[in-house]
1. Taking the Cα atoms of the range 105-147, what is the range of coordinates along each of the three principal axes, in descending order and whole Å?
2. Where a ≥ b ≥ c are the square roots of the eigenvalues of the C-alpha gyration tensor, would you call the chain rounded, which needs a/c under 1.5, or, failing that, prolate if a/b is larger than b/c, or oblate?
3. Mean-square fluctuation check for the chain, GNM, Cα pairs under 10 Å: which of LEU30, LEU18, LEU43 is largest?
4. Through the Karplus equation 6.51 cos²θ - 1.76 cosθ + 1.60, θ set to phi - 60°, convert the phi angles of the range 59-66 into ³J(HN,Hα) values in whole Hz; use x for Gly and Pro.
5. Based on the Cβ-Cβ distance of VAL130 and MET107, what FRET efficiency does E = 1/(1 + (r/R0)^6) give at R0 = 22 Å, to the nearest 0.05?
6. Aspartates and glutamates near LYS137 by alpha-carbon distance under 12 Å, same-chain residues fewer than 8 away left out - which ones?
7. Which of the aspartates and glutamates could be linked to LYS86 by a straight reach, that is with a Cα gap under 15 Å, when you skip same-chain ones fewer than 8 residues away?
8. What number, rounded to the nearest 500 deg cm²/dmol, is the helix-based mean residue ellipticity at 222 nm of the chain, given -39500 (n - 2.57) per DSSP H run of at least four residues and division by all its residues?
Amino acid sequence: MGTSKAHIKAPPGFKEKLEILHDYLTAHGLRNTHQREVILAELLSFGQHVTTEELWDRVKAIDSSIGYATVYRTLRLFTECGIASKHDFGGGSARFESDSGHHHDHMICTQCGKIIEFENEEIERLQDEVAASHQFKINSHRMELYGLCSECHD
């Protein structure tokens, strides 16, 4: 069983994300907790898009005092401070990923749920051209393509 002060294995990027979190908490008059640090470390360690339930399963194995509601609220906090992104790819559960600092888009398999991240400079350039032609200034965007992955199509 975990304890309330379980040792945190710091994955790559942990210190940088923790600093962003601390700055956000300080600016909003909130305090940091060990539980938030455990959740952050596990989010960064997960290495893929994770649901609240999946993350909670990993977190509670490390620290049994961390409840589902704490993971849920903490993920919301992480999205507010910019260290995580929330995605709704369908299927009933939101998925979260650590904000890597670089833009990427997603292809989602509608059969098995596999999520493939990709980057394409030509698509980015075309989006900018379309926006400019409509005198539109893009602040942010998200592209999600839905279809069948190589394992699921004929």
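Coordinate-derived values only; no laboratory data. Please read these numbers as outputs of a predicted model, since none were measured by experiment. Please note: Cβ atoms are built from the backbone with ideal geometry, for glycine as well, and neighbour counts cover all protein chains shown.
1. The principal-axis extents, from largest down, are 39, 15, 15 Å.
2. Numbers: a/c = 2.56, a/b = 1.49, b/c = 1.71.
Note, shape of the chain comes out oblate.
3. LEU30
4. Each residue of the range 59-66 in turn: 5, 5, 6, 8, 9, 5, 7, 8 Hz.
5. Numbers: r = 20 Å, r/R0 = 0.93.
The formula returns an efficiency of 0.60 here.
6. Result set, ordered by chain and number: ASP128, GLU129.
7. Filter leaves GLU53, GLU54, GLU97, ASP99, ASP105, GLU117, GLU144.
8. Values: 5 runs with 65 residues, N = 154.
Calculated mean residue ellipticity at 222 nm is -13500 deg cm²/dmol.
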